[in-house]
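Okay, so here's the structure we're looking at.
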Amino acid sequence: MDDMNGTPESTNTGLEHSQGGAYDSNNGGYESNSRTSTINYRVLTSVRSYPEAQHHVDTLSDAGFPVENVRIVGLGLETVEQVTGRKTTRKAAVRGALGGAWFGLFLGLIFSIFAPVVAWRVILFSIVLGGIFGAISGGIEHASQGGRRDFSTIATTRASTYEIHVVSGLVDEAAQILRL
């Protein structure tokens, strides 16, 4: 259905999105089910970066606009996984030892409450024991993978563009604030 300006409005088609919303076939977005499904959103503007989209919403907020009627929608999502290095059983054991030592410190601090006279011994013993068990479990876990995924990565998800959607009745006010 078009509004008075001829711009398509968002309508609920009933196709559910994994985030709890319905797919909007008119403008390729998702309509939230967190509020009633009769709320229609329209695209206010499209920008290239998330910080730019945040800036627009921040400008609306600073002007007293009811930003609970705004959403930022990322389009053209892609996952980028940067390989950061080779993973060996030794490196996995060292990482496990460090994690185990931190956990041991945590448990040692808790146990030292009950043995305040020898608290430093309890804490030290817990750190050492945690480190040993962490190293063993980290090494076994990596070795049990049989050479699959012998590298570490950092994964990020990014969008090619970001649209700012505003509830239909407030689009003109938002456009005026942002001077669009």
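Residues in the range 140-161 that are within 15 Å of ALA93 (Cα to Cα) and of a type in the set (S, T, N, Q): 3 in all. Taken together, the criteria place ALA159 among residues that are closer than 30 Å to ILE72 by Cβ and aliphatic (A, V, I, L, M). Within the range 61-94, the set of residues being under 30 Å from ALA174 (Cβ atoms) and either in contact with a Leu (Cβ under 6 Å, 6 or more places away or on another chain) or of a type in the set (Asp, Glu) (or both) comprises ASP62, VAL67, GLU68, ASN69, GLU78. Of all residue pairs spaced 6 or more apart or on separate chains, those with beta-carbon atoms under 9 Å, a first member in the range 138-153 that is at positive phi and a second member that is assigned to a loop (DSSP other than H, G, I, E, B) are ARG149/LYS87. Within the set of pairs 6 or more residues apart or between chains, which connect a residue that is of a type in the set (Val, Ile, Thr) inside the range 101-114 to a residue that is outside any loop (DSSP other than H, G, I, E, B) with Cβ atoms less than 9 Å apart? Listed by first residue and then by second, the contacts come to ILE110/SER126; ILE113/ALA119.
Only one of the numbered conditions (1) in contact (Cβ under 8 Å) with a residue 24 or more places away in the chain; (2) surrounded by fewer than 16 Cβ atoms within 10 Å (Cβ to Cβ); (3) farther than 30 Å from SER137 by Cα is not met by VAL73, and that is (2).
Take the conditions in a helix (DSSP H, G or I) and at pLDDT 95 or above and apply them to HIS142. Does it pass?
For HIS142, the condition - in a helix (DSSP H, G or I) and at pLDDT 95 or above - is not met.
Does ALA174 qualify as being at pLDDT below 90, among the hydrophobic types (A, V, I, L, M, F, W, C) and in contact with a helix residue (DSSP H, G or I) (Cβ under 8 Å, 6 or more places away or on another chain)? Answer is no for this residue.
Only residues that are surrounded by fewer than 12 Cβ atoms within 10 Å (Cβ to Cβ) and among the charged types (D, E, K, R) were counted across the range 129-169, and they come to 2.
The values are calculated or read from the model by the stated rules, or taken from the named source; none is laboratory data. All figures in this text were calculated on a predicted structure; none of them were measured in a lab. Neighbour counts are summed over all protein chains in view; Cβ atoms, including those assigned to glycine, are modelled from backbone coordinates with ideal geometry.
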